[in-house]
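**Q** Below: one structure in structure tokens.
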Amino acid sequence: MSKFERLFNAMPDGIDCALITADVNRRYFTGMKSSAGVILVFKDKAYLIIDFRYIEVARNTVKDAEVIMQEKLFDQINELIEKHGAKTLAIESATLTVAELNMYKERINGAEIVSSSALSDAVTELRIVKDESEIEKIIKAQRIAEAAFEDILNFIKPGVTEREIGLHLDYFMLQHGAEALSFDTIALTGANTSRPHGVPGDTVVENGNFVLMDYGAMYDGYHSDMTRTVCVGNPTEKMEQIYNIVLNSQLAAIDKVKSGVSGAELDKVARDIIADAGYGKEFGHSLGHGVGMEIHEAPNASYLSKHILKENMIVTVEPGIYLPDEFGVRIEDFVVVKDTGCYNMTLAEKSLIIL
Ligand SMILES: [Mn+2]
């Protein structure tokens, strides 16, 4: 079954066509990267309407949809709606702006616009479970990030700045096949490591400091995500103790991952260990999130999460403890959910590395 057929199966009855406009979803359905274009999906046929800049690539690579050169977009959409006799058209409520919605309402005639979350929910349902080729791409992205980790261990030493560490990781990943960075690399040292999403600055690594790195590579449209905290010179007893609490919490949560477990249950396993050690308040973010064509996507692993994990979903497991003005530790792997457990895509060492 094509992705478009599966999309229709995931939508409620009564929707005759769907208009896909989000860049990431257009890429998911067509396999090609573009900053413009729309996909119009009917029950028996899909069209990609895309402008001159992308038309050659589209015609050569897009197989599941008929490729149409964009001219007068709304006239073209209206003609196709008429041709297929569609009465209702679903839009991506999760990503469309109010201005775009108003424009569609004004310029699309012939079909009533369904502004419910039906289409966005259906796309999420498709994207949340990965197929083998998607998992392969994510693993490739992760291997690039891990090679960068091996490399950075030779670079980190007293005197280098957070920005230099971040840039070194970024350069390595881009040089070794990453299409892009997954997100702005986080590289922090010393007291800055207590800021979960701190921005790398001119702070210099000193002996006895942690260095926390949270980063990822993109490969063929797919992201990776990992965090490691390493120590330069010897850690204090407290640093070592906190590191081991986070590590135990992370290992216990990974052990718990399998089909049927909820995101909330997973979060609780990790959180209870940290809370029992006396640091519940210092773990102020959720345990994890899905990763795919977006760096944060479903399912969530937070205490509020209603997601039930299923075979071939992907979830990060990233507990942390953050002590303001002292230091922070976070350790993050990401895993593929399996019926019998999980497959950990992250191979990088996570017992405390002392440089
Ligand atoms: Mn993450």
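**Q** Based only on Cα atoms, what Rg/Rh ratio does the stretch 20-168 have, Rh being taken as Kirkwood's radius? Can you show the working numbers first?
**A** On the way: Rg = 20.6 Å, Rh = 18.2 Å.
Dividing the radius of gyration by the Kirkwood radius yields 1.13.
**Q** For helix 237-256, report the angle its Cα long axis makes with the longest principal axis of the Cα atoms of the chain; keep it between 0 and 90° and round to the nearest 10°.
**A** Once rounded, the angle reads 40 degrees.
**Q** Given a 1.4 angstrom probe, what's the average accessible area per residue across the chain, in square angstrom?
**A** For the chain, the solvent-accessible area averages 45 Å² per residue.
**Q** Could you give the length gained by full extension between SER116 and GLU132, i.e. 0.36 nm per residue of separation minus their alpha carbon distance, to one decimal place?
**A** Details: separation 16, 0.36 × 16 = 5.76 nm, distance 3.11 nm.
Full-extension gain reported as 2.7 nm.
**Q** Moving on to the next point. Looking at ILE138, PRO158, ALA10, which one has the Cα that reaches farthest to the positive end of the dipole of the chain (charges on Cβ: Lys, Arg +1; Asp, Glu -1)?
**A** Of the candidates, ALA10 comes out farthest on the positive side.
**Q** How big is the charge dipole of the stretch 247-311 about its Cα centre, in debye rounded to the nearest 20, if each Lys and Arg gets +1 on its Cβ and each Asp and Glu gets -1 on its Cβ?
**A** Numbers: 7 positive and 9 negative charges, 27 e Å.
For this selection, approximately 140 debye.
**Q** In degrees from 0 to 90, rounded to the nearest 10, what is the angle of the helix 52-61 Cα long axis to the longest principal axis of the chain?
**A** 80 degrees
**Q** For the chain, which span is the longest to avoid every loop-located (per DSSP) member of trypsin sites (Lys or Arg not before Pro) having at most 10 other Cβ atoms inside 10 Å? Provide the component values of the computation, followed by the final result.
**A** Numbers: sites that count: LYS63, LYS72, LYS306.
Longest stretch, sites excluded: 73-305.
**Q** Report the calculated FRET efficiency for ASP255 and THR161 (r = Cβ-Cβ distance, R0 = 41 Å), to the nearest 0.05. Each step should come with its number before you reach the end.
**A** Working: r = 37 Å, r/R0 = 0.91.
Taking R0 as 41 Å, the efficiency between ASP255 and THR161 is 0.65.
**Q** Let me ask another. Between GLU71 and GLU326, what is the label-to-label distance in nm when each label sits 7 Å out along the Cα-to-Cβ direction?
**A** 7.0 nm
**Q** State whether the stretch 132-344 is rounded, prolate or oblate according to the following rule on the C-alpha gyration tensor (a ≥ b ≥ c being the square roots of its eigenvalues): a/c under 1.5 gives rounded; otherwise a/b larger than b/c gives prolate, and the remaining case gives oblate. Walk me through the numbers on the way to the answer.
**A** On the way: a/c = 2.15, a/b = 1.16, b/c = 1.85.
Because a/c hits 1.5 or more and a/b fails to exceed b/c, the stretch 132-344 counts as oblate.
**Q** Using a Förster distance of 22 Å, how high is the FRET efficiency between LYS238 and ILE353, based on the Cβ-Cβ distance and rounded to 0.05?
**A** Numbers: r = 18 Å, r/R0 = 0.81.
That gives a FRET efficiency of 0.80.
**Q** Rounded, prolate or oblate: which one fits the chain, using the alpha carbon gyration tensor with axes a ≥ b ≥ c (rounded when a/c is under 1.5, else prolate when a/b beats b/c, else oblate)? Mind showing how you got there, number by number?
**A** On the way: a/c = 2.55, a/b = 1.93, b/c = 1.32.
Because a/c hits 1.5 or more and a/b exceeds b/c, the chain counts as prolate.
**Q** For helix 132-153, what angle does its Cα long axis make with the longest principal axis of the chain, in degrees from 0 to 90 and rounded to 10?
**A** The two axes meet at around 30 degrees.
**Q** Could you tell me what percent of the DSSP beta bridges with both partners in the chain are antiparallel, to the nearest 5? The partial results should precede the final answer.
**A** Values: 41 of 52 bridges.
Of the beta bridges lying entirely in the chain, close to 80 percent run antiparallel.
**Q** Fully extended, how many nm does the chain gain between SER2 and THR340 (0.36 nm per residue separation, minus their Cα-Cα distance)? Intermediate values should be presented prior to the final figure.
**A** Numbers: separation 338, 0.36 × 338 = 121.68 nm, distance 2.79 nm.
Going from the current span to full extension adds 118.9 nm.
The values are calculated or read from the model by the stated rules, or taken from the named source; none is laboratory data. Because the structure is predicted, anything quoted here is derived from the model rather than measured. We place every Cβ from the backbone using ideal geometry, glycine too, and count neighbours over all the protein chains shown. Note: accessible area is taken over every heavy atom of the protein model, side chains too, but ligands, DNA and RNA are not part of it. Shrake-Rupley method; radii C 1.70, N 1.55, O 1.52, S 1.80 Å.
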